[in-house]
Amino acid sequence: MSGVVGTAMRRVDAAEKATGAARFTGDLALPGLLCGKVLRSPFPHARLVRVDTSAAERMPGVRAVLTGGDLADLDPYYGHAIKDRPIVALERVRFIGEPVAAVAADDEAAAEEALRAITVEYEELPAVTVLGEALAAGAPRVHEGPLRPGLFHGLGDLRREEGNICYHYHFARGDLESAFAASDVVVEGEYTFPAVYQYAMEPHTVIAQWGESEITVWASCQHPYLVRAELADLFRVPLSAVRVIVPYVGGGFGSKSYTKMEPLTVALARKARRPVRIANSIEEAMVTTRRHNMRCWMRTGATRDGAVVARQCRIWLDTGAYADNGPRVAATAGDAAPGAYRWRAVGVDAWAVYTHTPPAGSYRAFGAAHMAWIGESQIDALARRVGLDPLEFRRRNLLRPGEEVRPGGKPLDADLVGDVTKVAAAVGWGTPKPPFVGRGVGVGLLAAGAQPVSTAVLRLQADGTVVLLVSTTELGQGARTAFTQIVADELGVPPSRVRVAGADTQVTPFDRSTGASRSTTLAGTAVQRASADLRGQLLEIAKRVWGLPLSALTVRDGAVWHETDALPFPELLARHFGMVGGELIGRGEVRPERGSGSYAEGPVFWEVCVGGAEVHVSPETGQIRVRRLASVADVGKAINPQLVEAQDEGASLQGLGNTLFEEMIFENGQLMNGSLLDYHVPTTADLPDAFHTIIVENGDGPGPYGAKGVGEGALAAVPAAIVNALADLGLEIRDLPVTPERVLRCLGVLGAPAGTGGAAP
Amino acid sequence: MLRPFEIHEPTSIAEASRLLADHGEDAAVYAGGTELILVMKEGLAHFRHLVDIKTIPGLETIAYDGAVLRLGALATHRAIERSAVVGRHAPLLASVASQVANPRVRNVGTLGGNLCFAEPHSDLGTLCVAWDAVIVLARDGEERSVPADRFFTGVLETVREPDEVLVRVELRPFGPGTGGAYQRFAMHERPTAGVAAVVATRGGVIQHGRIAIGSVGPMPVRASEAEAMLAGAPLRDEALREAAKAVGRHAEVMDDLYGSAAYKRHVLTVLAARALREAVACAREEDA
């Protein structure tokens, strides 16, 4: 062991990124690379009567113009959950911003001029642009016909319900009616959560090259192997004929999970027979994917002596015009709805609903961020009703480690009571409060890890350096650094002798995805196992060379040792291959250790969402100032504490934005604040006065050294903590974001609260 | 992206004015570009000719002649914030300039550009209206002076003729017994509401007060009802409070994405009270 695991080792990409040397997809240049631009629909729902590209095609510098007519030889629908999305609009458009045509030209100016020369005749159709309209009886349908499962739907049977519902997730345990009848106090409410933009600094960027025998794609995507599979399926080629390369990615947060702009770029390159780059602007990224807005009805019951009894919940998630990850978001929201409590009965229904708005997909802590603040505000309301301190109420009712969270799933693998006690202390729980200051805590669980399938390959070179091949994408989270630390310790080499390659499906082996807080836990385990495999091979060679038993040998400082004798790795390689050269290859894999590895039998681990907040409310303006914000990074083992903190702080700040001011505002399907001037992304100016990440290392995770993932929990915990801090001041919050105007309405300064609830369609 | 355009670099006001006249609606004055280039990039406006007035010498000068502070159109927000002359004679202006937008905008954005663009959320526009600033417009060989409260005519609209160039803004520093303040409330890049107040006092009486409100309507406007209540009123908090209420009550405000008219009226009242109190406190300091 060289002992870098557990240290705040500097990021391996720090210098590259600080100096601008790091290469992102948009930095790449290829001979003959064309600029691709997309013509987007101005209508939420319309029939495409005519798309005339003839003038555009004749313009100087224009090499190809793609429309739906170019896809006749394909089954042009994709969608990892539900195959509902055409590569480019076919006979109709379903949201404002949907690609209708794409141009490949010699430069950006020519491409933009060509877009202006395309004439499209639309016949407007009735649109459903909000949940209420989409769910109304007789509402226009966003999609007709049966739903086709995507390659990675993982959702059991797809069952079409009536109208615009694309997925229904349901579970019930215990007898709800009798449990509520046995509850002395019941709180009930209707809630809304807004559509939110994930904002990655680098918008979606793709370069595609259509070769004689291979499709090559450089993409700012999170999940190269899933993109590869969808492209191979769409363009009818073997998996091995699609190569997806992912350079550094400038932030994902879920916005680059699964397949986004890749099919359109490949189709355009196919037509142009030249490599093409499509780089979204921020404005285009905002209509490419977003977080689901949601309506929710929930009731929760408890006994008068302070025991929780039952919870029932109905959730409607607006997934926009295409399912994207909506079904999974619905299932995860459903799983998060009960929270981490011991119920006698619980019943949850969650629906993903189509509307004529831009598609909604993944965003950090999806489902849990939607639901934790609602469930936790009802927990606080119950605590007040039965006369218990909210913290004490939680201590009595929270699940303990090893208790069942849901039948057949992973038992609780975290100390929630310990965690919430820590955040409460960090925000001054129980100490006197100045006027207009409130405090709250929130606790939740997020089903993390997605599917437990990852592989890694480690190549020991003749000079004793190692190259790690792993398909986790480096999104800024620090995966390459954490893996370097694991390899360095496992092989006993300094981190400077470890190089982590970027994801390239022709080179780096399969990894399910980079998301769901899974990489350190799952890919990290594959990396650890690959290291162990390589270490085992080195020991075997040393055993042969020296004729000694394995028990007499150790690995450290880049060599195999017997007492004071050392065989450095290069010498072991030379002895093994009989020349200077050759390489040893270590392999590691992670696959389900029990059952099928399905979501139902998961999760891989429960990511803890525990936070505390102390807020000040201005009774004059309604402005909320967060005085103290604390969250727990319950990581089992912090491979790199500084990266853990950075992940947790980032999630906290996004949680703060989601709670206080972030909202994509749509009117009749048109995004009204579709730029960074009008949409407020959290900045350092929005930081709380004090900001604590509490790292908890109980060694209770399934990953290397007992680690488990981090980076999402705070985004679910912070809204809950802030909403409960406001409840501490008597403000009953039913709608996010909690704008100053909503605060004043809650305070009665501007009259009755407006726009509250209305969840039951 | 930016569509192609031609840039002109005149060396005199007369030349700039001629270029603007020649190209009419196809031309725009280009100073800091922080608003202009943004709308052009977004495709919201396209000008085939940009007349860059940064090549005209002397337009960035800031000077005080013992009575009037003259701020050249090209003075950047940062230059105003850091100017010793402004700091001595109009510290309120320096303070507001230091709050405009963000550091990148303040480093290149200019006073003249800010006023001519007439974005309804301009902090400086609101301040100029309350301060009774004079805006000087010029074309070939002639100048005219326009009081700030008659300069703005609507959203992104002013009295400036297409061939005129804003050359400077003239302000009179506050005399003894007079003070000013600017208060705003911002949750987003642009303020939700802003209130500027300049109050002249003598011997426990408010002689007159000028109040301007911004960000809530198409342009900064004076709160004349509140101003009338202040004239001759005793210098007591109650008078300020009542005037502040009148600011909110009479303001013409629009609902928008970031708030209802009712909320903005409420915030205007809060801000007006804060601005008036601060102006009065500042007047007392000036008196002392």
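The values are calculated or read from the model by the stated rules, or taken from the named source; none is laboratory data. Everything quoted here is computed from the prediction, not taken from an experiment. Heads up, the Cβs are rebuilt from the backbone with ideal geometry, glycines too, and the neighbour counts pull from every protein chain shown. Protein only, heavy atoms only, side chains kept; ligands, DNA and RNA dropped before computing areas. Shrake-Rupley method; radii C 1.70, N 1.55, O 1.52, S 1.80 Å.
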GluC sites (Glu not before Pro) within the stretch A:539-587: DSSP coil, no more than 15 neighbouring Cβ in 10 Å: A:Glu563, A:Glu583
Interface residues in the stretch B:168-192 - accessible area drops by 20 Å² or more relative to the isolated chain, probe 1.4 Å: B:Phe185, B:Met187, B:His188, B:Glu189, B:Arg190
Structure-based [θ]222 nm, chain A - -39500 (n - 2.57) summed over DSSP H runs of at least 4, per residue, nearest 500: -8000 deg cm²/dmol
Solvent-accessible heavy-atom area per residue, rounded to whole Å², over chain B at 1.4 Å: 43
Euclidean distance of C-alpha centroids, the stretch A:320-345 and the stretch A:82-142, integer Å: 29
Separation between Cα centres of the stretch A:681-752 and the stretch A:454-488, rounded to whole Å: 34
Relative contact order, percent, chain A [alpha-carbon distance under 8 Å, six or more residues apart]: 16
Cross-link pairs beyond the 25 Å C-alpha cut-off, checked among A:Lys17/A:Lys422; A:Lys37/A:Lys260; A:Lys83/A:Lys410: A:Lys17/A:Lys422; A:Lys83/A:Lys410
Distant-in-sequence amide H partners of A:Trp606 (H built 1.01 Å from N, under 5 Å): A:Asp413
Amide H within-cut-off set for A:Ala64, under 5 Å, with H built and near neighbours excluded: A:Ala104
Within chain B, helix-based [θ] at 222 nm, where runs of 4 or more DSSP H residues each add -39,500 (n - 2.57), nearest 500: -10500 deg cm²/dmol
In sequence order, calculated HN-Hα J values of the stretch A:4-15 (Karplus, 6.51, -1.76, 1.60; Hz; x Gly/Pro): 9, 5, x, 9, 7, 4, 5, 3, 5, 9, 4, 5
Length gained when the stretch A:Ala462-A:Arg58 is fully extended (0.36 nm per residue, less Cα-Cα span): 139.8 nm
Accessible surface buried once B binds A (1.4 Å probe; total of both sides; Å²): 2000
Relative contact order for the stretch A:422-566, counting Cα pairs under 8 Å that sit 6 or more residues apart, in percent: 25
Nonlocal amide H pairs with A:Val493, under 5 Å, H built at 1.01 Å: A:Ser2, A:Gly558
1.4 Å probe, heavy atoms, protein only - residues of the stretch B:223-269 losing at least 40 Å² accessible area vs chain alone: B:Leu257, B:Tyr258, B:Tyr263, B:His266
Carbon plus sulfur fraction of accessible area for the stretch B:6-55, probe 1.4 Å, in percent: 48
The stretch B:62-171, dipole about Cα centre (Lys/Arg Cβ +1, Asp/Glu Cβ -1), debye to the nearest 20: 520
Three-way shape label, the stretch B:178-287, alpha-carbon gyration tensor, a/c 1.5: prolate
Tilt relative to chain B, helix B:261-287 - C-alpha long axis, 0 to 90 degrees, to 10: 80
Global form of chain A, assessed from the alpha-carbon gyration tensor, a/c cut-off 1.5: oblate
Neighbourhood net charge (10 Å Cβ-Cβ; Lys/Arg +1, Asp/Glu -1) for A:Pro60: -1
For the stretch A:274-312 and the stretch A:50-71, distance of Cα centres in Å: 38
Helical segments meeting 24 Å axial Cα length and Kyte-Doolittle -1.0 threshold in chain A (DSSP H): A:368-386, A:524-546, A:641-660
In Hz, Karplus ³J(HN,Hα) per residue of the stretch A:427-440 (6.51, -1.76, 1.60; θ = phi - 60°; x = Gly, Pro): 9, x, 3, x, 8, x, 10, x, x, 6, 10, x, 10, x
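Please give the net charge around A:Glu662, taking every other residue with its beta carbon less than 11 angstrom from that of A:Glu662, where Lys and Arg add +1 and Asp and Glu add -1.
Every neighbour counted, the sum reads 0.
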Residue-wise HN-Hα coupling along the stretch B:29-43, computed from phi with Karplus coefficients 6.51, -1.76, 1.60 (Hz; x: Gly, Pro): 6, 10, 10, x, x, 5, 9, 4, 5, 4, 5, 5, 4, 6, x
Those residues of the stretch A:333-356 whose amide nitrogen sits under 11 Å from the label point placed on A:Arg385, 7 Å along Cα→Cβ: none
Simple label model, 7 Å out from Cα along Cβ direction - A:Thr683 to B:Val85, nm: 3.0
Residue among B:Ala275, B:Ala212, B:Ala233 with the largest mean-square fluctuation in a Gaussian network model of chain B, springs linking Cα atoms under 10 Å: B:Ala233
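Let me make sure I get this right: for the stretch A:238-339, a, b and c are the square roots of the gyration tensor eigenvalues over alpha carbons, sorted descending. Under 1.5 in a/c it's rounded, otherwise prolate if a/b > b/c, else oblate. Which is it?
On the way: a/c = 3.38, a/b = 2.98, b/c = 1.13.
Prolate.
Cβ under 13 Å from A:Val555's Cβ, A:Val555 left aside: what net charge do those residues give with Lys, Arg +1 and Asp, Glu -1?
-2
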Angle in degrees between helix B:13-23 and the longest Cα principal axis of chain B, rounded to the nearest 10: 70
